[in-house]
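These notes are about the structure you will find just below.
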Amino acid sequence: MKKFRLFIPLIIALFAVLSFAPTALAFCGFYVAKADTKLYNQASQVVIARDSNKTVLTMANDFQGDIKDFAVVVPVPTVIKEEQVRVAQPNIIERLDAFSAPRLVEYFDEDPCSPQIRPQSMLAPTAAARGGSSEEKAMADNSLGVTVEARFNVGEYDILILSAKESNGLETWLNSNGYKIPRGANQLLKPYIRSSMKFFVAKVNLDKFEESGYQFLRPLQIAYESPKFMLPIRLGMINANTEQDLIVYILSPQGQAEVTNYRTVKIPSNMNIPVFVKNEFGDFYKSMFQTSYTKEDKKVAFLEYAWDMGNCDPCSAQPLNTEELKQAGVFWLDNNGNNNNRIAPGFGFPFSNNNVYITRLHVRYTRNKFPEDLMFQTTSNRESFQGRYVLQHPFTGNLQCSAGREYKRSLPRRFEKEAQTLAQLTNWNIQNIRQKMKLTVGNISTSWWQNFLMFLGL
């Protein structure tokens, strides 16, 4: 059975019609693992590079199935011209995901009998589309209130720009031209038609795809200008039977971005958890996210990462270099530092000297909890934040000094606090957690009377 995705980004709503058929110093630590989008079976991703009213939108195409069945319909605020569309490098979204993913870090306790300086954080090193509309076909299209405003090819994609007068006509046109719209699309298309939005329609040109040599579809990238900074997500719920995950990477020269019509909440972070989680970090993060999502009544956007792209601490991947940032749609960079009038390759936006600040937002949504499209704004807040979870390895050497004995007596309370924290974050069974911790740090133990005195504070 074919597996289809429905994905809608920004003001340009991707309707994957799925089928054609604290401060920076607090973050030091040794990077261990990351919670990237590979944790989720279905996680749509979109990159939004935005400054003022100018936007470059990059859409990941992770369609699963026969390539010939792939198609997308994207509501856009204006007629998009050929020079406003291009294909991006296939790994650019993976790079952003790796750089901004929530991460696991670890520390190792010093010998309390021989204190040493804690180590610093470890930093990781165009052709015409095939075919044409006949006069009869154009008349038929007009009778449905649908007009083909433009037709062109970009990379492996055949692209149409459509305008429509009413949703029934658009639905009929799409179905008659091989785009099998899921039931319910009619009602959800109406608001976009009432707003006089156009529709960007893309499908794969099989000959061009074969010539490209790529095994997977490359991301589509669109540049446009609009005062609206939004992400229509309602179309993405048409044929969704389960909750949908959406990861949005917002690149800005200003600071953190946030959702304005729903609360933006920081993911729980900077907490010490048991060391056995090192081997179960993926399961931990999925459980932690689901628990937080449920506690927030399933109607918030979670901030997973916010940082100046020029550095990271600890780094789960190297920051994107200048060329990669350009591929991600950043159009305000000035490599020379003295020319504010250069033009971004492939688009008509000028560079500037501003830097790049990344915000990673994670939205898990359903139709009843997210009845409105997402509205965004950028802010001047440049506070650093990351989803970060800490493993504190106990010292296991000989502890004969007074400080060593005191340190050893303190460990049971510390371990219990870590267990309680993990249980609260994930809803995992506390007894199972304690058993796993005992297996992990079983060589560090105290007698029952030492534990009793310790809990009495003696």
Cα to Cα, under 18 Å, and not fewer than 8 places away if on the same chain: which lysines meet these conditions relative to K190?
-> K165, K180, K198
Starting from the Cα of R405, step 7 Å along the direction of its Cβ; do the same at K190; then give the gap between the two resulting points in nm.
-> 7.9 nm
For the range 423-428, just list the computed ³J(HN,Hα) in residue order, Karplus coefficients 6.51, -1.76 and 1.60, θ = phi - 60°, integers in Hz, with x standing in for Gly and Pro.
-> 5, 5, 5, 10, 6, 6
Distance in nm between label sites at D207 and N270, each 7 Å beyond Cα in the beta-carbon direction?
-> 5.9 nm
Expressed in angstrom, Rg and Dmax over the Cα atoms of the range 212-282 are 18.2, 49
Taking 90-102, 400-412, 200-212 and ranking on average Cβ neighbours within 10 Å, highest first, one gets 90-102, 200-212, 400-412
Could I have the simple spin-label model distance between S287 and N398, label points 7 Å from Cα toward Cβ, reported in nm to one decimal?
-> 3.9 nm
The alpha-carbon pair-distance distribution computed for the range 154-221, with 10 angstrom bins and whole-percent values, is 18, 42, 28, 12, 0
Could you grab the Rg to Rh ratio for the range 40-96? Cα atoms only, Kirkwood for Rh.
-> 0.97
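None of the figures in this text is laboratory data; all of them are computed from the coordinates on show. Every value quoted in this text rests on a predicted model; they were computed, and no experiment measured them. Here the Cβ is made from the backbone with ideal geometry for all residues, glycine too, and neighbour counts use every protein chain on show.
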